[in-house]
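To start, the structure itself, in structure tokens.
Read-outs throughout are calculated quantities, based only on the coordinates presented, and are distinct from any laboratory measurement. Keep in mind that what you see is a predicted model, and the values were worked out from it rather than measured. Cβ placement follows ideal geometry from the backbone for every residue including glycine, while neighbour counts extend to all protein chains displayed.
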């Protein structure tokens, strides 16, 4: 039964994303928006920790986690578009570069593996933290300025690292912490 907890945390994130969009449909957000987003964010933090502690971490679970992140942050992007369209206008070029880097990373994954990578690298964790800070700054305080710039820079760096890892690794592997770890995996002798 406890093995279902990480999956439930992933499902929670997938459910909360559209709920956030629903809250933003009128062009504003309610006072529960930031707490609901933080609940989704912390479900992302703890799903992997709980899965490892329970010994139920698997490639399938890690892939589901990656897809849940795409759903959540796609919904957050929609909320920014609905509530803070000026931010999208002000940051259109840097955000465009970030989105392009994400699409390139996904395309390289699909071209090589036929599915998305699920590295959960340290740079991805840093990007997740900066996404959280930027989201809370924007929806909680009405200004994300420096947090947006930091989130964009960390996101582009993470996507570049993911592309490099995909090009480096001979086969799909989940939970690769950095390019250094990918290099070590590539250099390790293949299992019989």
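As a check on your grasp of the helix formula, calculate [θ] at 222 nm for the chain: sum -39500 (n - 2.57) over DSSP H runs of n ≥ 4, divide by the residue count, round to the nearest 500.
-26500 deg cm²/dmol
How are the alpha carbon pair distances in region 19-132 distributed across 5 Å bins from zero to the largest one, expressed in percent?
Taking all Cα pairs of region 19-132, the binned fractions are 2, 10, 16, 22, 19, 16, 9, 4, 1, 0 percent.
Please work out the Cα convex hull volume for the chain and give it in Å³ per residue.
117
Given 20 °C and 1.002 mPa s, how large is the Stokes-Einstein diffusion coefficient of region 85-192 in µm²/s, with Rh as the Kirkwood radius over Cα pairs?
144
Stick to Cα atoms and the Kirkwood definition of Rh, then tell me Rg/Rh for region 40-95.
That ratio equals 1.17.
I want to make sure I understand the PRE zone here: with the label point 7 angstrom from the Cα of residue 186 toward its beta carbon, which residues in region 130-163 have backbone N atoms less than 18 Å away?
Within reach of a label on residue 186, which here means backbone N under 18 Å from a point 7 Å along Cα→Cβ, region 130-163 contributes 158-163.
Measure nothing fancy, just the Cα-based angle from helix 145-168's long axis to the longest principal axis of the chain, in degrees from 0 to 90, nearest 10.
Helix 145-168 sits roughly 20 degrees off the main axis of the chain.
So what's the angle, to the nearest 10 degrees on a 0 to 90 scale, between helix 92-113 and the longest Cα principal axis of the chain?
Helix 92-113 sits roughly 30 degrees off the main axis of the chain.
What is the calculated FRET efficiency for residue 97 to residue 146, with r their C-beta to C-beta distance and R₀ = 22 Å, to the nearest 0.05?
The calculated FRET efficiency here is 0.80.
Just the projected area, averaged over all directions, of the convex hull on the alpha carbon atoms of region 3-58: how many nm²?
3.7
Between helix 33-54 and the chain, what is the angle of the helix's C-alpha long axis to the longest principal axis, kept within 0 to 90° and rounded to the nearest 10?
In the chain, helix 33-54 runs at an angle near 20 degrees to the longest axis.
Could you state the number of Å between the C-alpha centres of region 61-130 and region 134-192?
11
Considering the Cα trace of region 144-192, what is its radius of gyration and what is Dmax, both in angstroms?
14.3, 52
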